[in-house]
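A.B. asks: Below: one structure in structure tokens.
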Amino acid sequence: MEQQDFEARYIYRTRNMRRVRKPRGKSKQCPFLDEGGCGIHPVKPVQCRLFPFWPELVEDRKAWKKTGSWCPGIGQGPLIQIGTALELANEMREKYPDAYE
Ligand code: SF4
């Protein structure tokens, strides 16, 4: 699919960001979410690859805890050192500078 067609079908723009449209009339939050998980895992967007290590979550204990109340992955798996979490958050900042100015 050409980028222009992809954007027309799946993306909308806010002042600082491009966001994926939620599917209409469906309970799922993302058009690429399949029963087996992310249907585009090998090429998923950077923000998906880095979640939940986003600056607004890593740097805000309350926001992290709130996200953990609905995200089944937070608090599971191996312990991630804070230095690694901050590096990932910085990668997010570098990738989306307009969203974090
Ligand atoms: S990882 Fe990202 S692209 Fe994949 S299903 Fe979840 S929100 Fe959608």
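No lab work stands behind these numbers, since they all come straight from the coordinates. Remember, predicted model here, so these are calculated numbers, not experimental data. Note that each Cβ is placed from the backbone with ideal geometry, even for glycine, and that neighbours are counted across all protein chains shown.
A.B. asks: Starting from the Cα of LYS65, draw a straight line to each of the aspartates and glutamates and keep only those under 13 Å, dropping any in the same chain fewer than 8 residues away.
C.D. replies: GLU56
A.B. asks: Is there a quick way to get the dipole size of the chain? I mean about its Cα centre, with the Cβ of Lys and Arg at +1 and of Asp and Glu at -1; what is the value in debye to the nearest 20?
C.D. replies: That gives the chain a dipole magnitude of about 540 debye.
A.B. asks: Please compute the length gained on full extension between LYS22 and ILE80, using 0.36 nm multiplied by the number of residues separating them and subtracting their Cα-Cα distance.
C.D. replies: Gain on stretching LYS22 to ILE80: 17.9 nm.
A.B. asks: Pull up the cross-link candidates among the lysines for LYS22, meaning alpha carbon to alpha carbon under 16 Å and not fewer than 8 places away within one chain.
C.D. replies: LYS44
A.B. asks: Continuing with this model, one more query. For the chain, what is the mean residue ellipticity at 222 nm derived from helices alone (per DSSP H run of n ≥ 4: -39500 (n - 2.57); sum divided by total residues; nearest 500 deg cm²/dmol)?
C.D. replies: Theoretical 222 nm ellipticity from helices: -10000 deg cm²/dmol.
A.B. asks: Residue by residue through segment 83-88, what is 3J(HN,Hα) from phi via Karplus (6.51 cos²θ - 1.76 cosθ + 1.60, θ = phi - 60°)? Round to whole Hz and write x for glycine and proline.
C.D. replies: Going residue by residue, I get x, 5, 4, 5, 4, 5 Hz, with x marking Gly and Pro.
A.B. asks: Show me, bin by bin at 5 Å from 0, the whole-percent P(r) of the chain based on Cα pairs.
C.D. replies: 2, 10, 16, 23, 22, 16, 8, 3, 0
A.B. asks: Using θ = phi - 60° and the Karplus form 6.51 cos²θ - 1.76 cosθ + 1.60, what ³J(HN,Hα) does each residue of segment 91-97 get, whole Hz, x for Gly and Pro?
C.D. replies: 4, 4, 4, 5, 6, 10, x
A.B. asks: Also, I was wondering about something else. Expressed as a rounded percentage, what relative contact order does the chain have, with Cα pairs under 8 Å and six or more residues apart?
C.D. replies: This gives 22 percent for the chain.
A.B. asks: Going toward the positive end of the dipole of the chain, with +1 on Lys and Arg Cβ and -1 on Asp and Glu Cβ, which of GLN4, SER27, GLN47 do you reach last?
C.D. replies: SER27
A.B. asks: Restricting things to alpha carbons, tell me how big segment 1-40 is in terms of Rg and Dmax, in Å.
C.D. replies: 11.2, 33
A.B. asks: Another question, then. Would you grab the residues whose amide H sits under 5 Å from the one on CYS71? Only those 5+ places off in sequence or on another chain, please, with H modelled 1.01 Å from N.
C.D. replies: none
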